[in-house]
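Below: one structure, written as structure tokens.
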Amino acid sequence: MTKAIRIHANGGPEVMRWEDVPTPEPGPGEALVHHEAVGLNYIDVYFRTGLYKSPLPLVPGQEGAGTVTALGEGVTGLAVGDRVAYAGPLGAYATERVIAADRLVKLPDGIAFQTAAAMMLQGMTAQYLLRRTYRVQPGDTILVYAAAGGVGLILCQWAKHLGATVIGVVSTEEKAALARAHGAAHVLVGKADIPAEVKRITGGAMVPVVYDSIGRDTFMASLDSLAPLGMMVSYGNASGPVGAVDISLLGAKGSLFLTRPSLATYTAKRRDLEATAADLFGVVQSGAVQIRVNQTFSLRDAAEAHRALEGRRTTGSTVLLP
Ligand code: NDP
């Protein structure tokens, strides 16, 4: 038997139950991974509440790091004992899990399991947002919401490393200090009039890209912060989904571009997964980006971790320990 958090009905954090489940066996093309650490991500909340749909019962979680303990038929390039990590398929809130072997990435020796579990999903997201969705250039000034969060702290550091000036948005002074310490040049705290602040900071030029993970509450302020031909990247719904958008708004506000990207699309091909992970490992190993594991919880206490995340009481990344 193995232990896993299972959800039998969507709802609040209390629907997550710590249960015995049969130890899975890897089928063809699959690997069994013994987790050393599991990543906590906001998307886990969306699957728990039912905002994102999945058949029940559900083992939540889409990120982990550990050791390969068995391989199914036909797996090449991996061996029992390899240190691996992943971001992707549901089922991570478990002491061990089966996963398609082509979703696993081997961990370089210098990257610890907890760091890996903290960064695969949030760090690869930062990579595609900054390098592919909109390719940040030296000299760009960019707007980043939840700048002290998991994705946020990585975005701040990586964007600065690329030569950009980051305007971060956070809810408290403590988070502002953290965002500044990780590369944000300007930080907007609380309910500031964001477009007016962006106008002041940029001398009226506004920004070429907004990375908005908040969704409903900030969508219009984000559009109003963009320069003509700017790119609105709506990549999360921490305040609720944006819903239907009248596209004539994009014309009226300056021929804007709007995208709703997801990591799954950007890493669907194996070669993209490898390139994205390699880029991330590079900036982490060089020290340009530091992964902040600011909270750890026992995996069995995942409900407590969800309460902290939804209550905006976490900063940086959070790891669940089996
Ligand atoms: P965070 O650590 O950023 O936590 C969420 C943060 O959002 C909070 O700390 C809070 O920061 C801010 N926030 C603003 N409004 C609310 C609200 N009403 N309720 C709760 N939080 C709020 O989480 P992650 O780093 O895990 O994820 C960040 C976002 O990125 C999420 O929206 C997630 O869905 C998205 N994401 C999208 C991906 C994609 O590919 N599309 C991949 C990975 C993540 P503050 O208090 O400073 O406002």
Worksheet item: If you check 142, 154, which single one turns out to be touching a Pro at 6+ places or on another chain (Cβ under 8 Å) and modelled with pLDDT of 95 or more?
Response: 142
Worksheet item: Under 8 Å by Cβ, and 6 or more places apart or on different chains, what pairs join a residue from segment 15-28 that is over 14 Å from residue 58 (Cα atoms) with one that is of a type in the set (Lys, Arg)?
Response: 24/97
Worksheet item: Given the structure, is residue 266 in contact with a Pro (Cβ under 6 Å, 6 or more places away or on another chain) and aromatic (Phe, Trp, Tyr)?
Response: no
Worksheet item: If the Cβ limit is 9 Å and pairs must be 6+ apart or interchain, which residue in segment 302-314 that is among the basic types (Lys, Arg) pairs with which residue that is within 6 Å of the ligand (Cβ to nearest atom)?
Response: 312/146; 312/149; 312/171; 312/175; 312/238
Worksheet item: Quick one: in segment 249-271, which of the residues that are part of a helix (DSSP H, G or I) and touching a helix residue (DSSP H, G or I) at 6+ places or on another chain (Cβ under 6 Å) is most open to solvent (accessible area, probe 1.4 Å)?
Response: 270
Response to the item:
Residue count, segment 278-301, condition within 15 Å of the ligand (Cβ to nearest atom), buried (at least 23 other Cβ atoms within 10 Å of the Cβ) and of a type outside the set (Val, Ile, Thr), comes to 1
Item to complete: Give segment 256-277 a look and list any residue that's in contact (Cβ under 8 Å) with a residue 12 or more places away in the chain, more than 16 Å from the ligand (Cβ to nearest atom) and farther than 16 Å from residue 134 by Cα, or say none.
Response: 270, 274
Practice prompt. Return the total of residues in segment 120-137 being in contact with a strand residue (DSSP E or B) (Cβ under 7 Å, 6 or more places away or on another chain) and either within 12 Å of the ligand (Cβ to nearest atom) or within 17 Å of residue 42 (Cα to Cα) (or both).
Written response: 6
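The values are calculated or read from the model by the stated rules, or taken from the named source; none is laboratory data. These numbers come from a predicted model, not from an experiment. All Cβ positions, even for glycine, are placed from backbone atoms using ideal geometry, and neighbour counts span all protein chains on display. The area values use the complete protein model at the heavy-atom level, side chains included, leaving out ligands, DNA and RNA. Shrake-Rupley method; radii C 1.70, N 1.55, O 1.52, S 1.80 Å.
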